[in-house]
Each structure stands twice: as structure tokens, then as C-alpha cells.
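Asker: I am attaching a structure below and will ask some questions about it afterwards.
Nothing in this text is a laboratory measurement; each read-out follows from the coordinates by a stated rule. Quick caveat, the model's predicted, so the values are computed rather than measured. With ideal geometry, Cβ positions are generated from the backbone for all residues, glycine too; neighbour counts draw on all protein chains shown.
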Amino acid sequence: MLGSTLRILVVGGGIAGLATARALRLAGFRPEVTEWQSAPMAIAGGIYLLGNAARALRELGLDGPVRPLGQVVGRQRFLDVRGRRLCELDNGLVWAGVGECRALPRADLHQVLLTAAGGEVRYATGVDALELSPEGVEVTFDDGRQGEYDLVIGADGRHSTVRTLAALGGPARPVGQVTYRSVVTGGPRVTDWTALLGQHSAFVIVPMGAGRLHCYADETWGEIPVDPVARLRERFAEYGGPVPAVLDAIRSVRVASSDEVELGRWSRGRVVLVGDAAHATAPTLAQGAAMALEDALVLAGALAKAETVTEALVRYESRRRPRTKWVLDRTRDRDRTRDVPPPLRDPLLRGRGARIFAEHYRLLLDPA
């Protein structure tokens, strides 16, 4: 089997990179971690972790540090544009035996992973070139330094430099959505994950505890607005339920175009991709972090059991690809519900919505 002397470089200091470093250390390896930014990421916003993310954190030994953070979310409520009930999911039933669903500040999760990764993250260190050989990878960093590694792991997100340098794929593909994210304090009291579905748009509100709400909205629109707060208020002005009070309380918004990554392969030689670098999706199913955490565990486990790096990478991809493809397909399914005219969609969701939306998570109930 591969020994602990395997020289491993993890490129990326976000959720995927830090989780991979943690999983590798638990498996007996001692990876290096680099991050192109000059300091730990200033991460704004919230994050919603479903039951399979909680299970992965438990397997990483991090359920204890995460448990006091944020708020457990017991129910998902789907409403129409006026705030009337469509359907709801009982998270405790859907994810029974898997894990709790929790919303928390993204920065809190990042800090837990940073503390748990072990070793230091080398900041202000980008990758300029990769030279692959059968025996390993020569990495040239942006400061001119070079290093030899047995394995390079690209955990550098949907706009991955490693993916480009290793010729594993081009840019992420836009999906035609503009997304808006904000954390609101002093807004209305919301106790459940709550989504209002319009046509070509949706507004999601998730309680994170301590009076904080994680707000996510999207619309099918091709341009990034100059004034995202004004655009958000204009686009969702007709929405009911808690949305008007949330819009009044919003002070700042992060806006982006949503995109996805779908690749023919995740590795080349001794370079492999994890997380969004390999299989990013639109954020509709809230599975980005969960998929990255699961990738970390499966890759580390494959390396711990394999006789060669090549064997480990084949095991990792063959095990993970069907699951991430499921998430991509179900994300597209969920997004398509917003394109159906409400007079046709809403009666269907009132009758069968709970079963339809619960089905989107079915495969994820099984271990990664």
C-alpha cells in the first residue's frame, strides 16, 4: 500500500481543500496545502448543510466542533409567489439515520476545517505550471519556486487553475442564472427553510440562529446588475410571505452568475480534481459543500487502500462520478420547475411536491 511518505500537494484553501487535507491526515498522509490568496479567505454569507454533509463531517471527526454553530433546520417549506403553501419536507424524516440539516455562517465552517486540517496553509502561493510524468508532477509556483510531488490535488474551485494546467477541461459553463446572497439581521422571524417559487425565479430564506437569516435568490437573467440590492428589490417586489420584510432588512448583496462543471475525466497522470473543480453545479440543491466533503473522504480512503496512485484515482472517480452526476441531474430537474408556468406547476406541487423534492435526495441517503 501507499506509505505516509507520499508527497501530496493540495491546491486550494477552501472547503474542498481543507476537508481533503483533514481526510488525508486521518488516513496517515502529510499533505501540503497552498492557497493563492494572501490570507485566510474572508468568507461572507451563510451555508445550508443537508444530512449527508453532517454525516461526512462526522466521519471527518468534526461533528463536535460544528454542533454548537448555527441552527438545526427541521423543515423545508415550499410556497408560491404570494406566500401560500405548496408542500413541505420533514428533514428529520427525510434524513433519518443520516444526519441533521444545519444552517450556519460559511466563515464558521471554514474556521472549523482550517483548524482541523493540520499543518500550515501556505498562502499567497499560486500554481503557474504543472509538468506531468509517470512518476509524479513537477509544480512551478508563481514565486518561481518548484517542487516535486507524487500527487497534486486540485481543490481550487469551479474556476480551477489546476484543471486548466492539467488539460482536464475548460472554463465552467454558465447556466443562465444570476444569484443573489445576503445575510440579514433584524429581519422577520423565520424558523424553517423557506422557498418561494415564482416563474424563472426563486427566493430562499434559511434561519442560522441568533436572529440571522441566510438569504439566497436567483433569476433566469443574463446580466450582472450594476446595483444588486436595487435589482433584488425590484425583481422580488411582488413576492409575499416573509420576503417583503427581508427585502427591507437587506443592506448588502453578493451577486454572481451561476455555472457548472461537467468533465469527461477528473484525473490525468498524477493530478486529480475534487469538489467544484471537478463537478460544480448551480447551488439549488445545496450540495456543493457536501460533495466536496464526500470527495475528500473517498479519495483519502482510496489512497490508503490502493497499491498505486493510479489505482487509487481510478477507485475514487468510479465511486464518486455516479453520485455527483445524480446531483447535477437533480439540480437541473429542480431548476426546471421554475420554468413551468405557476398555474400548471403549483397544483402539481400541492399534490405531489413532497414526494418529488424528497426524491431529489434519495441517492444521497446512502453512504458516499
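Asker: Among PRO31, GLN76, ILE43, which residue has its Cα furthest toward the positive end of the charge dipole of the range 31-92, with +1 on Lys/Arg Cβ and -1 on Asp/Glu Cβ?
Answerer: Going by the Cα projections, it comes out as GLN76.
Asker: Based on C-alpha coordinates, I'd like the Rg and Dmax of the range 205-293, in Å.
Answerer: Expressed in Å, the Cα Rg and Dmax of the range 205-293 come to 17.0, 53.
Asker: Local charge sum around TYR216 (other residues, Cβ-Cβ under 14 Å, Lys/Arg +1, Asp/Glu -1)?
Answerer: Spelling it out: positives minus negatives among the neighbours equals +4.
Asker: Can you give me the angle between helix 288-305 and the longest principal axis of the chain, using Cα atoms only, in degrees from 0 to 90, rounded to the nearest 10?
Answerer: On a 0 to 90 degree scale, this one is about 30.
Asker: A further question follows. Using a cut-off of under 16 Å, list every residue of the range 173-207 whose amide N is near the label point 7 Å from the Cα of LEU344 along the Cα-to-beta-carbon line.
Answerer: 198-201
Asker: Further, regarding this structure: What order do you get for HIS200, HIS279 when you list them from fewest to most C-beta neighbours inside 10 Å?
Answerer: Ascending Cβ contact count within 10 Å gives the list HIS200, HIS279.
Asker: Continuing with the same structure: Over the range 181-231, what number does the Rg to Rh ratio reach, with both radii from the alpha-carbon atoms and Rh per Kirkwood?
Answerer: 1.01
Asker: Which value at 222 nm does the chain reach when only helices count, each DSSP H run of 4 or more adding -39,500 (n - 2.57), with the total divided by all residues and rounded to the nearest 500 deg cm²/dmol?
Answerer: Numbers: 12 runs with 129 residues, N = 368.
Here the helix-only value at 222 nm equals -10500 deg cm²/dmol.
Asker: Over the Cα atoms of the range 137-185, each weighted equally, I'd like the Debye log10 I(q)/I(0) at q = 0.13, 0.16, 0.28 Å⁻¹, rounded to two decimals.
Answerer: Rounded to two decimals, the profile gives -0.51, -0.65, -1.18.
Asker: The chain: longest stretch without exposed GluC sites (Glu not before Pro) (DSSP loop, at most 15 other Cβ within 10 Å), sites themselves excluded? Don't jump to the answer; show the numbers that get you there.
Answerer: Values: sites that count: GLU120, GLU135, GLU223, GLU238, GLU262, GLU307.
By the stated rule (loop sites, at most 15 other Cβ atoms within 10 Å), 1-119.
Asker: Quick one: check the C-alpha center-to-center distance for the range 180-217 versus the range 311-336, whole angstrom.
Answerer: Distance between centres, Cα-based: 28 Å.
Asker: Quick one: which residues, 5 or more positions from ASP259 or on another chain, have an amide H under 5 Å from its amide H? H modelled 1.01 Å from N in the peptide plane, none for Pro or chain starts.
Answerer: For ASP259, whose amide H was placed from the backbone, the distant partners under 5 Å are VAL175.
Asker: Would you please name the trypsin sites (Lys or Arg not before Pro) within the range 177-252 that are DSSP coil residues with at most 10 other C-beta atoms within 10 Å of their C-beta?
Answerer: Loop-located and lightly packed - ARG189, ARG251.
Asker: Right, here's the next one. Between GLN146 and ALA245, what length comes free when the chain is fully extended (0.36 nm per residue of separation minus the Cα-Cα distance, one decimal in nm)?
Answerer: 30.3 nm
Asker: Still on this structure, I have one more. Work out the length of the dipole vector of the chain about its Cα centre, built from +1 on the beta-carbon of each Lys and Arg and -1 on the beta-carbon of each Asp and Glu, and round it to the nearest 20 debye.
Answerer: The dipole of the chain has a size of about 1220 debye.
Asker: Provide the net charge surrounding ALA44, with neighbours chosen by a C-beta distance below 14 Å and charges set as Lys +1, Arg +1, Asp -1, Glu -1. Mind showing how you got there, number by number?
Answerer: On the way: positive: ARG106, ARG181, ARG212, ARG251, ARG254; negative: ASP108.
Residues near ALA44 contribute +4 overall.
Asker: Using only Cα atoms, what Kirkwood radius does the range 48-180 have, in angstroms?
Answerer: In the range 48-180 this quantity evaluates to 18.8 Å.
Asker: Candidates [x] 5, 24, 33, 23, 11, 3, 0; [y] 6, 27, 36, 23, 8, 1; [z] 5, 18, 26, 25, 15, 7, 3, 1, 0; which is the computed P(r) over Cα pairs in 10 Å bins from 0, in percent?
Answerer: From the options [x] 5, 24, 33, 23, 11, 3, 0; [y] 6, 27, 36, 23, 8, 1; [z] 5, 18, 26, 25, 15, 7, 3, 1, 0, the structure gives [x].
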